[in-house]
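The block underneath contains the structure these notes are about, expressed in structure tokens.
The values are calculated or read from the model by the stated rules, or taken from the named source; none is laboratory data. Please read these numbers as outputs of a predicted model, since none were measured by experiment. Cβ atoms come from the backbone with ideal geometry, glycine included; neighbour counts cover every protein chain shown. Just the protein is used for accessible areas: all its heavy atoms, side chains included, with ligands, DNA and RNA removed. Shrake-Rupley method; radii C 1.70, N 1.55, O 1.52, S 1.80 Å.
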Amino acid sequence: MSMSKSSAPGKVILFGEHAVVYGETAVAVAVDRRIHMDIEKRVEVTRINGLEIDPEKQPYIVDAIERVGIKEPLEIKSKSYLPSGAGMGSSAALTVSTLGCLYSLEGTPSYEKIARTAFEIEHSVQGGASPIDTSTSTHGSAVKLTRKKGSNHLWKIKKDEKRWHVHHQDIPKMKLVVGDTGIHAPTGPLVRKVRRFYDKSGFARDIISEIGELAERGCEALEEGDLESVGSLMNDNHRLLTILGVGHPKLDELVNAVSSHCYGAKLSGAGGGGIMIALTDKPRKVAEIIKERDGTPYMLEASTTGLTLE
Ligand code: PMV
């Protein structure tokens, strides 16, 4: 094959960010905003959207090409409907969709292999990660990561001493509104900040395991379709993440401002800025409140479709 097309969704983390790095349970939902890729062989030089590829600017794509082992130049076209660097999984969707195309060109696409390689790429480019973003973007729907293997198992991912069992998670129909604070907060430094706290403080380790237990209860509430409980656990998860040191006054402001119009709200992803999410029946009202407070709202629904290959 000399040409392939793919697309992959972004995600939001419902429960368990940061704690998942230590093997605790976490759940993420794929969302209805995607990145589309189109890759073709038979060109002179590797270009992305018309410009010669630069490893500094495109580390995920360059790493993906190296790992798949394609030597010929490639014409790469990408179109993203996800804000980048905002905690909605744009780097995972980019990596997963790129790998989808590259493995298709080689004739060997496998979702498990793509999820595993995409995690390795994120881990190496960001200097540490869990497989939650990349597995959610690959599988779609919702994904639960746990230490032990359970029902609806998809794949196992290992890194050094750590291992994560990745499962499909059933979820009810949900309306989510993201509020982007616009405050740039890269994931790597926040993961390292939590690591320092975790290494020196039993208190931090207790918070991490409390987040894991809460995420387990969150999964049960999702399976029962009990949005009230899901929302209240989201509020609790927000407080625990703030105690862990990854909150921000702007995140608290947005979470508090929407609280009377939603089941629950929390920061989502690495924190320190970035995004918050609200689970609500009144997405327009919540989006309006976020806008009034200078946040950028995105009204989202869960997407059942993960990576698609053509
Ligand atoms: O920055 P995001 O939205 O990709 O989320 C990072 C989530 C962490 O748990 C903090 C790190 C990880 O890779 O799991």
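Among the residues of the stretch 213-231, are any touching a residue at least 60 places away in the same chain (Cβ under 8 Å) and small (Gly, Ala, Ser)? The answer is yes; a qualifying residue exists. Among the criteria (1) among the aliphatic types (A, V, I, L, M); (2) at pLDDT below 95; (3) out of contact with any Lys or Arg (no Cβ under 8 Å at 6 or more places or on another chain), the one ILE61 does not fulfil is (2). Residues that are within 11 Å of the ligand (Cβ to nearest atom), open to solvent by 20 Å² or more (accessible area, probe 1.4 Å) and assigned to a loop (DSSP other than H, G, I, E, B) within the stretch 69-100 comprise GLY85, GLY87, listed in sequence order.
For the stretch 242-263, check the following and say yes or no: at least one residue is under 18 Å from ILE171 (Cβ atoms) and within 16 Å of the ligand (Cβ to nearest atom). The answer is no; no qualifying residue exists. Scanning the stretch 267-276 for residues that are more than 10 Å from the ligand (Cβ to nearest atom) and under 15 Å from LEU300 (Cβ atoms) turns up just one, MET276. Could you check, for the stretch 51-64, whether at least one of its residues is among the basic types (Lys, Arg), assigned by TED's automatic domain parsing to the domain that holds VAL166, more than 28 Å from GLY179 (Cα to Cα) and more than 16 Å from the ligand (Cβ to nearest atom)? No. Among the residues of the stretch 106-126, is there at least one that is modelled with pLDDT under 95, within 16 Å of the ligand (Cβ to nearest atom) and either assigned to a loop (DSSP other than H, G, I, E, B) or open to solvent by 50 Å² or more (accessible area, probe 1.4 Å) (or both)? Checked the stretch 106-126: at least one residue is modelled with pLDDT under 95, within 16 Å of the ligand (Cβ to nearest atom) and either assigned to a loop (DSSP other than H, G, I, E, B) or open to solvent by 50 Å² or more (accessible area, probe 1.4 Å) (or both). Could you list, in sequence order, all residues of the stretch 138-154 that are within 16 Å of the ligand (Cβ to nearest atom) and more than 24 Å from LEU214 (Cβ to Cβ)? Answer for the stretch 138-154, where residues must be within 16 Å of the ligand (Cβ to nearest atom) and more than 24 Å from LEU214 (Cβ to Cβ): just THR138. Restricting attention to the stretch 1-34, the residues being away from the ligand (no atom under 12 Å from the Cβ), open to solvent by 10 Å² or more (accessible area, probe 1.4 Å) and hydrophobic (A, V, I, L, M, F, W, C) number 2. Hey, among the residues in the stretch 35-53 that are among the charged types (D, E, K, R) and exposed (fewer than 11 other Cβ atoms within 10 Å of the Cβ), which one's modelled with the highest pLDDT? In this case the residue turns out to be GLU52. Looking across the stretch 224-234 at every residue that is surrounded by fewer than 17 Cβ atoms within 10 Å (Cβ to Cβ) and not charged (D, E, K, R), the one that is nearest to ILE211 (Cα to Cα) is identified as SER232. Filtering the stretch 194-207 to residues that are surrounded by 13 or more Cβ atoms within 10 Å (Cβ to Cβ) and either outside the structural domain of ASN237 (by TED's automatic domain parsing) or under 15 Å from VAL20 (Cα atoms) (or both) leaves VAL194, ARG195, TYR198, ALA204, ARG205, ILE207.
Residue-level check: of (1) open to solvent by less than 10 Å² (accessible area, probe 1.4 Å); (2) within 21 Å of the chain's Cα centre (by Cα), VAL286 misses just (2).
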